[in-house]
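Worksheet for the structure shown next.
Rule-based calculations on the coordinates, nothing more; no lab input. Keep in mind that what you see is a predicted model, and the values were worked out from it rather than measured. Virtual Cβ from ideal backbone geometry, glycine too; neighbours counted across all protein chains shown.
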Amino acid sequence: MLAIYEIKGGFRGFAEVKPGIHYVTVKDDGKMVEGFWCEVKSNDTVIKRYDYQSKSFVDCEPEEELRYKDMAISGAMNQALIPVMKKSYSLVQFWLELTSYLKYENYPFTLHKEEPMTPPTELTPKELEEWYLTTFKSRFEQAFQNKHNRDMFSFFEELQFAYISYVLFKDEQAYDCYFYLIQAVYNAGEWSVTNAPGFFRGFLDIIRKQFNTIKAEDLIPDNKLIANLSNLLEDMDDSGIEPLKEKASEFRRYLDERGIQI
């Protein structure tokens, strides 16, 4: 998923970078330094300079940036650039799939924390029943409705960013966020599935691409990545909505082909 290159003297950057959002870092003194997110646009170039003293990426002076951009776009720097598509075609495709919902204009991306809903302790039995009927929301309702205003693109963006941050950077907050989100969806319930069919079809497409980066032997039934996934697939079957039933069957075939049991 992460393209890694050995760089030598004279290295100036990368060529053939697909338009979209990207993350760049470098190893210095045996350690990966904090990199940067950027958006590469068609027929444009992103210019950053690595400062060895501060061990960080910094902006160039405006004149220097324009000069490097002109050289890169004109092809004058080709010999000093690593051609990404030629060197790492399959990894590029993986990256594009895993970041398809990340929009740079929303950076820095937000990772939400789970906030369990618990009733007030002083309620009478009747008041408690009323609270559950009128106030309580499931984990999915809290995540999808409250935090993302039923915007599935916003939800998918957080899901993808949490996964990337968890896998690449071992970010603990991202780890908690990712498993909170997928378990919320797995246990959303048939009512939610029926009322947002496009969301759940799109969700399965996303986690399938994420699962493609994980060894099948790591996806065992008690792993949090797939625990309770069967609940979602059953709810999609029971919805009576044909596209949902087809998507659930398609996902089961995918799991079978990889030898993954749920």
* Asked: By the gyration tensor of its Cα atoms, with a ≥ b ≥ c the square roots of the eigenvalues, what is the shape of the range 19-65: rounded for a/c under 1.5, prolate for a/b over b/c, or oblate?
  -> oblate
* **Net length gained if the chain between residue 23 and residue 254 were fully extended (0.36 nm per residue, minus Cα distance)** => 80.2 nm
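Below 14 angstrom from the Cβ of residue 245, what's the summed charge of the other residues (Lys, Arg +1; Asp, Glu -1)? Intermediate values should be presented prior to the final figure.
Numbers: positive: 201, 247, 252, 253; negative: 190, 234, 235, 237, 238, 242, 246, 250.
That works out to -4.
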* Rounded tilt (10° steps) of 242-257 against the dominant C-alpha axis of the chain -> 60
* **Separation of the residue 12 and residue 113 label points, Cα + 7 Å toward Cβ, nm** => 4.7
* Structure fact -> Simple spin-label estimate for residue 47/residue 90, 7 Å along Cα→Cβ, in nm, reads 3.7
* Using the beta-carbon distance between residue 170 and residue 78 and R0 = 35 Å, what value does 1/(1 + (r/R0)^6) give for FRET efficiency, to the nearest 0.05? -> 0.50
* Asked: Where does helix 84-98 land angle-wise versus the long Cα axis of the chain, in degrees 0 to 90, nearest 10?
  -> 20
* Got a sec? How would 236, 117 order by Cβ neighbour count within 10 Å, fewest to most? -> 117, 236
* To do: Would you please give the residues with an amide H less than 5 Å from that of residue 150, counting only those at least 5 places away or on a separate chain, with H modeled from the backbone geometry?
  => 145
* Structure fact -> HN-Hα couplings for the range 155-170 via Karplus (6.51, -1.76, 1.60; θ = phi - 60°), in whole Hz with x for Gly/Pro, come out as 4, 5, 4, 5, 4, 5, 5, 4, 5, 4, 5, 5, 6, 7, 10, 6
* To do: Please work out the Cα center distance from the range 105-166 to the range 201-259, rounded to the nearest Å.
  => 22
* Asked: Just going by the charge dipole of the chain, with Lys and Arg at +1 and Asp and Glu at -1 on Cβ, which of 163, 110, 9 is farthest out on the positive end?
  -> 9
* Structure fact -> GNM of the chain, Cα pairs under 10 angstrom: of 62, 197, 243, the biggest fluctuation goes to 62
* Tell me, what HN-Hα J-couplings in whole Hz come from the Karplus equation 6.51 cos²θ - 1.76 cosθ + 1.60 at θ = phi - 60° for each residue of the range 181-186, using x for Gly and Pro? -> 5, 5, 5, 4, 6, 4
* Residue-wise, which Karplus ³J(HN,Hα) couplings in Hz belong to the range 6-18, taking 6.51 cos²θ - 1.76 cosθ + 1.60, θ = phi - 60°, and x for glycine or proline? -> 7, 10, 10, x, x, 4, 10, x, 10, 10, 6, 7, 5
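Once you've got the Cα coordinates, tell me which of 18/147; 55/86; 27/87; 31/87 are over 27 Å apart.
Checking Cα-Cα distances, 18/147; 55/86 exceed 27 Å.
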* Pairs beyond 26 Å (Cα-Cα), from 170/245; 113/245; 41/170; 113/224 -> 170/245; 113/245; 41/170
* Count charges around residue 19 for me, please; just the other residues with Cβ under 10 Å from its Cβ, Lys/Arg as +1, Asp/Glu as -1. => 0
* Asked: Given a cut-off of under 8 Å on Cα pairs at least six residues apart, what relative contact order in percent is computed for the chain?
  -> 15
